[in-house]
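Comments concern the structure below.
The values are calculated or read from the model by the stated rules, or taken from the named source; none is laboratory data. Keep in mind the model is a prediction, meaning the values are calculated, not measured. Virtual Cβ from ideal backbone geometry, glycine too; neighbours counted across all protein chains shown. Just the protein is used for accessible areas: all its heavy atoms, side chains included, with ligands, DNA and RNA removed. Shrake-Rupley method; radii C 1.70, N 1.55, O 1.52, S 1.80 Å.
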Amino acid sequence: MSPTPSPSGPRGRVAVLGAGPAGMAAALGALQAGHDVVVYERYREARPAGNILNLWPPPLKALRSLGVDTDDLGAPTDSEFRNVHGRVRVRVKLDEDVKREYGGGFIGLLRPELYERMLAALPAGVIRFGSQVERITHDDRAVTLHFADGSTAEHDLLVGADGIDSLVRRTLWGDAPKREHRLHIFGGFTFAEVPGTTPNTCLLSHSRTTQGSWTSIRNKGRDGHQWWVLTATDPDAPAPADLKAAAAALAAEFPAPLPGLVAATDPGSVQRWVLRDRPALRQWSKGRATLVGDAAHPTSPYAAYGAGMSIEDGYFLGRALRGVDLTDPAALARALQTYEDPRKPHTARQVQQAYLLGKVFHHAPAPLRPVRDFLFDHTPFLQKVAGDSNPREISRQLALMVD
C-alpha cells in the first residue's frame, strides 16, 4: 500500500530527517500532498526505539488516512487505574462509537510491527539509510543538508523528525537542557500464558512510590501482554546490571498477574528508559524548516502518547502542505503556521500532564503520600484528570481529522 498523491499544486522537494514514526508519517503526509520526498536516516535500517507501545484512536485514524494497514495491528483494550490493593480509581471512558471504530480505548502492540507497517506504505527508495547529516544551512531559496561524506542536498522544506536530540531543533532554536523527570521505567513483553490476565485489558496500578502496569497486546496475530514498572531514580546513576531482576523486585509488591508476567519474560525482551523531556517551544517552524514528533515535543512515556502524537504531526503537516508552492517562502510560512498552531497546545498539554503525573505519583514527600492516596481513593479527582479529560481531548483530535 502506498499514499495517493494529491494531483493539485506544484511539486516541492521535501527532506525528512529521521525514519521513526514521526518521520515516516511526515513523509507519507507530504507524498499525499503531492510533493517529492526523501527521508534521510543515519542508521542502516529503521530502528525501533523500544519494544512496547500503545496507540490511541487519533494516531490510528491518521495511520489509516496515510495509507498504512492497521488491520489487526494491536489488541483492543479498556483502561483502569487502581491502587496496589485493587481499588479502582479511574475508568477511562471513551465514546462507544469511537471504541467500536478503533478497537477499544487504545491498542497494545509491539513497536517493530508498527515500523514494518509504515515502511510497507512508503514507496521504495524514499528512505536513504546511512545518511549522516552534520550541518544544516538555509535561506529564502532552499535548505541545504551537509552530509558526513562531504556531499550536500538542497530541498524546499526540511522536516526535523530526529528525536529529542534533534539537530534540526538546535539549528533553528539553539540548544536547551533536557528536563529530568528523575524517573526510570522497565518494560517488557511475553506471549506466555500467565494466570490472572484478562483479554483486552490495560491495568495501571500505583503503590506509594511505584507504578506497576500491564496490558494486552497483539503482534503478528499472536496474543500476549506487555508490562512496565516505573519509579524514581537518579538519572546519572548507572543502569542495573540485571534489568529483569530489577523489574521483578519492583513488581513484587503488586498483585497478580504482574509478577508472573515479569517472571515469564525473556531477559532479552526487557528494556529500561530514563524519562526526560524538553520545555515547550513557542514556535516549531522557521524559514524552510519545521519539527515533528520528539524533535518538537519530546514526551514522557507516562503519557502513553509520544509515538501517537508523532504520527498525528505527520498527518497534519501533510494536510497543511496540500496545494502549496514550497518554493514560495511566504506560502510555505503560512502552511507551516497552519500546521503547528493547533498542534502546540495539544502536545504541550500532554507533555506537561505526563510530567506532573510523574511528580505526583513518584516524588510526593513521604508525609503527603497518605493524603494523596486518600484523595485518589475516595474522591473523583483522578477520574476527572485522567479518566474524563483525556477522552474529551481524543474526541477533539479525531474531529480535526477531516480528509
Tell me whether region 233-252 contains one or more residues that are over 25 Å from D71 (Cβ atoms) and among the basic types (K, R). yes
Selection within region 192-222 - loosely packed, with under 15 Cβ neighbours inside 10 Å and in contact (Cβ under 8 Å) with a residue 40 or more places away in the chain: A192, P195, G196, P199, K220, G221
Please state which one of V385, V402, V371 is open to solvent by 100 Å² or more (accessible area, probe 1.4 Å) and hydrophobic (A, V, I, L, M, F, W, C). V402
Can you find a residue that is touching a Phe, Trp or Tyr at 6+ places or on another chain (Cβ under 8 Å), closer than 20 Å to V262 by Cβ and in a strand (DSSP E or B) anywhere in region 229-236? yes
Within region 354-403, restricting attention to residues that are of a type in the set (A, V, I, L, M, F, W, C) and outside any helix (DSSP H, G or I), which residue is farthest from the chain's Cα centre (by Cα)? A364
Quick one: which residue in A161, A121 is of a type outside the set (K, R), within 24 Å of I217 (Cβ to Cβ) and in contact with a helix residue (DSSP H, G or I) (Cβ under 8 Å, 6 or more places away or on another chain)? A121
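Each row is one residue, and each column tells you yes or no for (1) buried (at least 16 other Cβ atoms within 10 Å of the Cβ); (2) hydrophobic (A, V, I, L, M, F, W, C); (3) within 30 Å of H138 (Cβ to Cβ).
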| residue | (1), (2), (3) |
| --- | --- |
| V14 | yes, yes, yes |
| A30 | yes, yes, yes |
| R47 | no, no, yes |
| D71 | no, no, no |
| G74 | yes, no, no |
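For region 223-248, enumerate the residues that are charged (D, E, K, R) and either more than 25 Å from H362 (Cβ to Cβ) or loosely packed, with under 14 Cβ neighbours inside 10 Å (or both).
If the condition is that a residue be charged (D, E, K, R) and either more than 25 Å from H362 (Cβ to Cβ) or loosely packed, with under 14 Cβ neighbours inside 10 Å (or both), then D223, D234, D236, D242 are the ones that fit.
Conditions (1) open to solvent by less than 10 Å² (accessible area, probe 1.4 Å); (2) in a helix (DSSP H, G or I); (3) under 15 Å from G163 (Cα atoms), marked per residue:
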{"residue": "R272", "(1), (2), (3)": "no, no, no"}
{"residue": "D294", "(1), (2), (3)": "no, yes, yes"}
{"residue": "G308", "(1), (2), (3)": "yes, yes, yes"}
{"residue": "L317", "(1), (2), (3)": "yes, yes, no"}
{"residue": "R322", "(1), (2), (3)": "no, no, no"}
{"residue": "Q337", "(1), (2), (3)": "no, yes, no"}
{"residue": "E340", "(1), (2), (3)": "yes, yes, no"}
Do you know which residues across region 125-143 are farther than 16 Å from L167 by Cα, among the hydrophobic types (A, V, I, L, M, F, W, C) and in a strand (DSSP E or B)? I127, F129
